[in-house]
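Comments concern the structure below.
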Amino acid sequence: MFARLPGWARQHLAALRILLVFTVVVGLAYPLAILAIAQLPGLHGRAEGSFVTDAAGHRVGSSLIGQDFTDASGNPVPGYFQSRPSAAGGGYDPTSTSASNLGPEDVADSFDDPATRGVDESRQSLLTQVCTRSHDIGAFDGADGRRPYCTASGVGAVLAVYHAGPGFTGRVTKVVSVNELCPTRPFLVTYAGVPVSCRTLADDITAGRQVLIRGDAPARPAVPADAVTASGSGLDPQISTAYADLQVARVARARGLAPARVQSLVKAHTSGRALGFLGEPAVNVLNLNRALDALTPARQ
Amino acid sequence: MSTNVAGALAVALLVAALVITYRPLGDHMYRVYTDRRHLRIERAIYRLTGVHPDSGQRWPVYARGVLAFSLVSVLLLYLLERVQSHLPLGLGFAGVAPPLAWNTAVSFMTNTNWQAYSGESTMGHLVQMAGLAVQNFLSAAVGISVAIAVVRGLTRRRALASAGDPGRSGDPGRPSRGGAAGRAGGAAGGGGPGSTGDELGNFWVDLTRTVIRILLPVCVLAAIVLIAGGAIQNLHGDRVVATLAGGHQTITGGPVASQEAIKEFGTNGGGFYNVNSAHPFENPTSWTNLFEIYLLLAIAFSLPRAFGRMAGDRRQGLAIVSVMAVLALGSFAIGAAFQAVHHGTVPTAVGAATEGTETRFGVPNSSLFASATTLTSTGAVNSFHDSYTSLGGATLLFNMMLGEVAPGGTGSGLYGMLVLAVVTVFVAGLMIGRTPEYLGKRIGSREIRFAALYFLITPILALLGTGIAMGLPGERAGMLNSGAHGLSEVLYAFTSAANNNGSAFAGIGVNTTWYNTALGLVMLFGRLLPMLFVLGMAGSFARQEPVPVTAGTLPTHRPQFAGMLAAVAVVLVALTFFPALALGPLAEGIHS
């Protein structure tokens, strides 16, 4: 019926027709068939989103999607196990999923310049984020929050060392603690015989040599790795068993429960590795906290 | 059990699964492309669309089919994105802006699935299902079709051809043009439908069979398995719940499982959600994680079996797959080791390379996914490469720079490796003074020119694009990270686009008119030009009468040849990309 068209037009017309046929076959029929199969008992609840409910039957979330267990002002609620840090929107926002995407050598913070009003140039480096979280969790859970390359106050221990030249050679003329804005007192008094100064907005830290101070923190910090790093999805529903164990005493105290009781709940909500060797053992935080709520109310 | 032992066992299980499927899946694909009969549903499709399934196509016709199909695919997807606010299941999202719609349309048509948008806040369910996921199927099918056409060109034995169907042009609805009577005849090895003379098969038939007989049945099963694991499949919009701590959370819905299956099996990689396979609704458990890795490797690792059988010598397929396996395992071992020892400032402070990884997967299974996704053209991620250790990230970049041949994308991996084999034979021929021939076909100046063009185009696109972006101050500002890591972000973006991978050092802000346009062009040229060159090479091989094997023939099924092939692959990449790598991830990785 298109015999009178030129060859190229006929070819594109055939291509379009094939495309439309496949749009119907794999674009509509296939997903709708899967949708129909997903209505089968056993599959239906999962296909809907693995929702979980409270005692009254209200949906309180999905067992696959993590939540923030913080109060209205953003502080962690002591009676709840806390999830990992999240880079999804304001935290655990499924409409804005994201990882931090910050690199392994992202160690220097940027600070807001009050001169440019309405524009906030401040950004915490990944190192400072890790140090701050470790510091805060250490304080919250009564553990040693120190980490390598972190100051005692919980920022990245980074110096900009300025030389007389040429390049990064010759006498050291000035040393700035990169992540401590004045008037903060620097974590180090002197470096290479030169007093360390706090950072001002006028300092061009890229002109100095970057020196990281390891400090005396243990190589295996008490606060576990997952507790101080954001997940890939920003929705990670789980924490490591180590981070759960760290939180047991605090949760037990806040709820007036025996630590052994809370510990046994943690164990009940720990999933091992699939087949014994896939992935990592992990604790589902929402389900654990729901189980706690079933025992005692969270806020006392 | 220690984390590393568990990680090693996961790899062992994956390898075992791939070894077990090599033969049945490869044999199935061989039968699909050499079968002379058509299924009833296929006949119906041919009738609906006016395709003459039994007519063969010479390489220019085959290539024009690929181009025409690519063009209408981009146009339809672009249109769907633009008008989505008027379509059902649009979730209230506005039409996608033109630069982003162009970028996304090209990205999905080219099997790249680079995503400058965030799925959960940009695309309605209908565009995801009937637009993006359709291209997931079809772009994968185009890749496999081209690979099969290339194999037909290499293995065509006209001397053995039996008399048969007089050649008809592959133009649908058009009577004979190309096939002169002298070229008539079927091909040996069951050269497939419409085998006459120097024809490469029929693009529309290859495409249809790939979808109907390979992709669709496996995806139906895979989607059900994923739902059983917890992946969602519904048509809901956002649902708001009151959380335990007294806040609110908006939980998204969508036809995720059906899209997830083809996203992996077709080595596409475009996530339903922004965070791709890290999202618990896409990849809920550690076993779905391994299952998804298996799916994205299965076709690419089994195609060499189909190749070997079409060549009438299974050892040829084994040689190719062993090179793929050695490169893949080597690269994975290096990348996983870098992640495990977590060199670098932040990883040392943390005590592990856990930034951007999910608890349920852990670091080893995240590294495994990352290697698999960059060694193929998938680009799905279950953890965020931008936050990998410098040298771990460099390994992923290197995987893509390898041209994605170990095992590569669906189809593109095999044809990439076959071009490399041609180059290797040529290099070996120069070294030992033998006439270069592969599978009995002489490699003359025309063939090697096509092979060289094939290999030059991707680095040109990747390096030129990176260079231009770094030269423009506004585009430099798109980097999230500064210094060497910022360069890595840009280099990764263009390498990923040129190789049709689609993964990213995702900190970079690429939803700008410049990046959307430039990366769109890079993806388009990075997909179609190599396809044209490789089809051209296949066309000129198809015209040749194979020469008999003599004492002077370099055997291409022995370990010696496999070793040379692997070396050529690595050396070509190292020579091309080392300077760029040295300025980016290597500079970052060795400074501390």
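The values are calculated or read from the model by the stated rules, or taken from the named source; none is laboratory data. None of the values given here were measured: they were computed from a predicted structure. Glycine gets a Cβ as well: all are built from the backbone with ideal geometry, and neighbour counts include every protein chain shown. Side chains included, ligands, DNA and RNA excluded: accessible areas come from the protein's heavy atoms. Shrake-Rupley method; radii C 1.70, N 1.55, O 1.52, S 1.80 Å.
Quick look at the numbers
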read-out	value
Pair list, Cβ under 9 Å, 6 or more apart: the range B:568-592 residue assigned to a helix (DSSP H, G or I), other residue charged (D, E, K, R)	B:Gly584/B:Glu489; B:Glu588/A:Glu105; B:Gly589/A:Glu105
Failed criterion for A:His44 (all others in (1) open to solvent by less than 50 Å² (accessible area, probe 1.4 Å); (2) farther than 30 Å from B:Pro60 by Cα; (3) more than 7 Å from chain B (Cβ to nearest Cβ) hold)	(1)
Extreme residue, nearest to the other protein chains (Cβ to nearest Cβ), among residues of the range B:25-45 that are assigned to a helix (DSSP H, G or I) and without any contact (Cβ under 8 Å) to a residue 40 or more places away in the chain	B:Ala44
Every residue from the range A:162-192 that is within 20 Å of A:Cys131 (Cβ to Cβ) and in contact (Cβ under 8 Å) with a residue 40 or more places away in the chain	A:Val178, A:Asn179, A:Leu181
Residue list for the range A:70-83, filter: at the interface with another protein chain (Cβ under 7 Å from one of its Cβ atoms) and either in contact (Cβ under 8 Å) with a residue 40 or more places away in the chain or on the phi > 0 side of the Ramachandran plot (or both)	A:Val77, A:Tyr80
Unique match (being in contact (Cβ under 8 Å) with a residue 24 or more places away in the chain, more than 19 Å from B:Ile443 (Cβ to Cβ) and among the charged types (D, E, K, R)) among B:Glu475, B:Glu545	B:Glu475
In the range B:557-592, the residues that are surrounded by 20 or more Cβ atoms within 10 Å (Cβ to Cβ) and within 14 Å of chain A (Cβ to nearest Cβ)	B:Gly584, B:Pro585, B:Glu588, B:Gly589
So B:Ala340, is it in contact with a Pro (Cβ under 6 Å, 6 or more places away or on another chain), more than 8 Å from chain A (Cβ to nearest Cβ), under 30 Å from B:Leu565 (Cα atoms) and modelled with pLDDT of 95 or more	no
Extreme residue, least open to solvent (accessible area, probe 1.4 Å), among residues of the range A:256-274 that are under 30 Å from B:Phe291 (Cα atoms) and of a type in the set (Gly, Ala, Ser)	A:Ala274
Criterion violated by B:His343 - all others in (1) in contact (Cβ under 8 Å) with a residue 24 or more places away in the chain; (2) open to solvent by 10 Å² or more (accessible area, probe 1.4 Å); (3) assigned to a helix (DSSP H, G or I) satisfied	(3)
Within the range B:343-368, considering residues that are closer than 21 Å to A:Ala274 by Cα and of a type outside the set (S, T, N, Q), the one nearest to the other protein chains (Cβ to nearest Cβ)	B:Gly362
Filter result for B:Leu89 (open to solvent by 30 Å² or more (accessible area, probe 1.4 Å), over 25 Å from B:Phe541 (Cβ atoms) and either aromatic (Phe, Trp, Tyr) or in contact (Cβ under 8 Å) with a residue 60 or more places away in the chain (or both))	yes
Index of the failed condition, A:Arg147 passing every other in (1) of a type in the set (D, E, K, R); (2) more than 14 Å from chain B (Cβ to nearest Cβ); (3) open to solvent by less than 70 Å² (accessible area, probe 1.4 Å)	(2)
Enumeration of residues in the range A:96-144 that are open to solvent by 10 Å² or more (accessible area, probe 1.4 Å), among the small types (Gly, Ala, Ser) and away from chain B (no Cβ under 12 Å)	A:Ala115, A:Gly118, A:Ser122, A:Ala139, A:Gly142, A:Ala143
Count of residues meeting criterion [of a type outside the set (Gly, Ala, Ser), in contact (Cβ under 8 Å) with a residue 12 or more places away in the chain and farther than 16 Å from B:Val15 by Cβ] in the range B:300-335	9
Residues of the range B:474-499 classified as away from every other protein chain (no Cβ under 13 Å) and open to solvent by 10 Å² or more (accessible area, probe 1.4 Å), total	4
Hits in the range A:143-183 - residues which are more than 21 Å from the chain's Cα centre (by Cα) and on the phi > 0 side of the Ramachandran plot	A:Gly165, A:Gly167, A:Gly170
The range A:150-167, residues that are farther than 30 Å from A:Val251 by Cβ and exposed (fewer than 14 other Cβ atoms within 10 Å of the Cβ)	A:Ala164, A:Gly165, A:Pro166, A:Gly167
Residues within the range B:371-399 that are under 24 Å from B:Ala133 (Cβ atoms) and either under 13 Å from the mean Cα position of the chain (by Cα) or at pLDDT below 95 (or both), tallied	9
Among the residues listed as A:Ala56, A:Ala29, the single one being more than 7 Å from chain B (Cβ to nearest Cβ), out of contact with any strand residue (DSSP E or B) (no Cβ under 8 Å at 6 or more places or on another chain) and under 30 Å from A:Ser83 (Cα atoms)	A:Ala56
Candidates B:Leu9, B:Leu48, B:Leu13, B:Leu80 - the one that is closer than 23 Å to A:Ala15 by Cα, in a helix (DSSP H, G or I) and open to solvent by 60 Å² or more (accessible area, probe 1.4 Å)	B:Leu48
Subset tally (residues that are in contact with a helix residue (DSSP H, G or I) (Cβ under 6 Å, 6 or more places away or on another chain) and more than 22 Å from A:Ala254 (Cβ to Cβ)) for the range A:74-103	4
Residues satisfying the stated conditions in the range B:473-500, i.e. in a helix (DSSP H, G or I) and of a type in the set (Ser, Thr, Tyr)	B:Ser488, B:Tyr492, B:Thr495, B:Ser496
Residue within the range B:298-305 that is of a type in the set (Lys, Arg) and buried (at least 21 other Cβ atoms within 10 Å of the Cβ) present	yes
Breaking point among (1) in a helix (DSSP H, G or I); (2) open to solvent by less than 60 Å² (accessible area, probe 1.4 Å), for B:Pro53	(1)
Count of residues meeting criterion [part of a loop (DSSP other than H, G, I, E, B), open to solvent by 10 Å² or more (accessible area, probe 1.4 Å) and not hydrophobic (A, V, I, L, M, F, W, C)] in the range A:275-300	7
Number of positions in the range A:54-86 that are aliphatic (A, V, I, L, M) and open to solvent by 30 Å² or more (accessible area, probe 1.4 Å)	3
Among residues of the range B:538-556, those that are open to solvent by 50 Å² or more (accessible area, probe 1.4 Å) and not basic (Lys, Arg), counted	5
